[in-house]
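Since the structure comes first, as structure tokens, the remarks are kept for the end.
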Amino acid sequence: MNYKRSWNKAHGKSEIITASNSPMTMLEIDMLSLKNNETKTYCETNKEYGLVILGGHCTIKGEDFAFVDIGQRQHVFDGAATAVYVSRNKKFTITSLDHVSIAVCKSPATKDFESKLIRPEEVIVKNLGKTGWKRQAHFILDERVAANRLYLGEAFVTSGNWASYPPHKHDDDNMPTEGFLEEIYYYEFDQPQGFGIQKVYTKEGDLDKTYTVKSGDLVMIPKGYHPFCCAPGYNNYYLWVMAGQNRGFYMTTEEQHQWLNQ
């Protein structure tokens, strides 16, 4: 199976990764592009949502919440994100206040939690890695927000650096060392011709994929190690969307590369 998908940034709702077209059991993602004063309403049964505003401004209203005129950045390289968590079985409407782009992340849900606005100033920023694999990680919908499965954030990778490195995985239920979480990456680059290399592979060798990714591409990570490299001369952004019973960074490094963490 091809684990790579692409969004052409077409107007309206694009259902990129769904339960019917992917191996994912806990994650789906729509990419939304709305012009000024356009609306999109969601009402799907037993699903929770993580809405990440990639750029632009909007209002998001539901049965018991109203987040008015939210979003501060014009594009993904223009500061920290604004995001919204919506609990299951809550009908809500997104209204664009200019040209807005949103990643609509979805996961099956069995419990009800409070819908919540996450503002840019609430995003936790951490500089991670060493020379050759430095990146800036933004934690958005994390342990601070009560949810069923969703756990998401963003990463910023500069020219020539690796991320998700040393290679790690989170596909075994072996808490507290490792938890099973599915993941999706969505990529953008600071120039139209920018690109990167994404690998997804297992120790057993039953999965070994290597993809060239550009702006608008997504890669599914149902299991396995998943290191990424940004091509020299370009800067990269990727949205990481995870879902699992144990929300958090419960992962293990590939054995032969563990020495890099010393």
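Of note:
- Among residues of region 108-148, those that are in a strand (DSSP E or B) and more than 19 Å from Ser164 (Cα to Cα), counted: 4
- In region 30-45, the residues that are touching a residue at least 40 places away in the same chain (Cβ under 8 Å) form Cβ pairs under 8 Å with partners that are among the aliphatic types (A, V, I, L, M) and not in a strand (DSSP E or B), at six or more places apart or across chains, as follows: Ser33/Ala10; Asn36/Leu97; Asn37/Leu97.
- Some residue of region 126-149 being modelled with pLDDT of 95 or more and among the hydroxyl-bearing types (Ser, Thr, Tyr): no
Conditions tested, residue by residue: (1) in contact with a helix residue (DSSP H, G or I) (Cβ under 8 Å, 6 or more places away or on another chain); (2) closer than 23 Å to Leu27 by Cα; (3) among the polar types (S, T, N, Q); (4) modelled with pLDDT of 95 or more.
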{"residue": "Phe180", "(1), (2), (3), (4)": "no, yes, no, yes"}
{"residue": "Val200", "(1), (2), (3), (4)": "no, yes, no, yes"}
{"residue": "Gly205", "(1), (2), (3), (4)": "no, no, no, no"}
{"residue": "Asp217", "(1), (2), (3), (4)": "no, yes, no, yes"}
{"residue": "Pro222", "(1), (2), (3), (4)": "no, yes, no, yes"}
{"residue": "Tyr225", "(1), (2), (3), (4)": "no, yes, no, yes"}
{"residue": "Cys230", "(1), (2), (3), (4)": "no, no, no, yes"}
{"residue": "Trp240", "(1), (2), (3), (4)": "no, yes, no, yes"}
{"residue": "Leu260", "(1), (2), (3), (4)": "no, no, no, no"}
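- Tally of residues being touching a strand residue (DSSP E or B) at 6+ places or on another chain (Cβ under 6 Å) and within 17 Å of Leu34 (Cβ to Cβ) across region 87-104: 11
- Among residues of region 1-46 being polar (S, T, N, Q) and buried (at least 19 other Cβ atoms within 10 Å of the Cβ), the one that is nearest to Cys58 (Cα to Cα) is Ser33.
- Every residue from region 91-101 that is farther than 12 Å from Leu54 by Cα, buried (at least 18 other Cβ atoms within 10 Å of the Cβ) and not hydroxyl-bearing (Ser, Thr, Tyr): Phe92, Ile94
- If the condition is being loosely packed, with under 15 Cβ neighbours inside 10 Å and touching a Lys or Arg at 6+ places or on another chain (Cβ under 9 Å), then region 251-260 contributes only Glu255.
- Subset tally (residues that are among the small types (Gly, Ala, Ser) and without any contact (Cβ under 8 Å) to a residue 12 or more places away in the chain) for region 61-77: 1
- Filtering region 205-250 to residues that are of a type in the set (Asp, Glu) and buried (at least 21 other Cβ atoms within 10 Å of the Cβ) leaves only Asp217.
- Top-ranked residue in region 47-77 [being out of contact with any strand residue (DSSP E or B) (no Cβ under 7 Å at 6 or more places or on another chain) and surrounded by fewer than 16 Cβ atoms within 10 Å (Cβ to Cβ); ranked as nearest to Ala19 (Cα to Cα)]: Glu63
- Region 149-163: number of residues that are part of a loop (DSSP other than H, G, I, E, B) and within 14 Å of the chain's Cα centre (by Cα): 1
- Identity of the residue in region 133-164, surrounded by 13 or more Cβ atoms within 10 Å (Cβ to Cβ) and among the basic types (Lys, Arg), that ends up farthest from Asn46 (Cα to Cα): Lys134
- Some residue of region 122-132 being in contact with a strand residue (DSSP E or B) (Cβ under 8 Å, 6 or more places away or on another chain), of a type outside the set (Val, Ile, Thr), in contact (Cβ under 8 Å) with a residue 40 or more places away in the chain and surrounded by 14 or more Cβ atoms within 10 Å (Cβ to Cβ): no
- When each of Glu114, Glu15 is tested for being free of Cβ contacts under 8 Å to residues at least 24 places away in the same chain and not aromatic (Phe, Trp, Tyr), the lone residue that passes is Glu15.
The values are calculated or read from the model by the stated rules, or taken from the named source; none is laboratory data. Just so it is clear, the model here is predicted, and its values are computed rather than measured. Methodologically, a virtual Cβ is constructed for each residue, glycine included, from the backbone with ideal geometry; neighbour enumeration extends over all protein chains shown.
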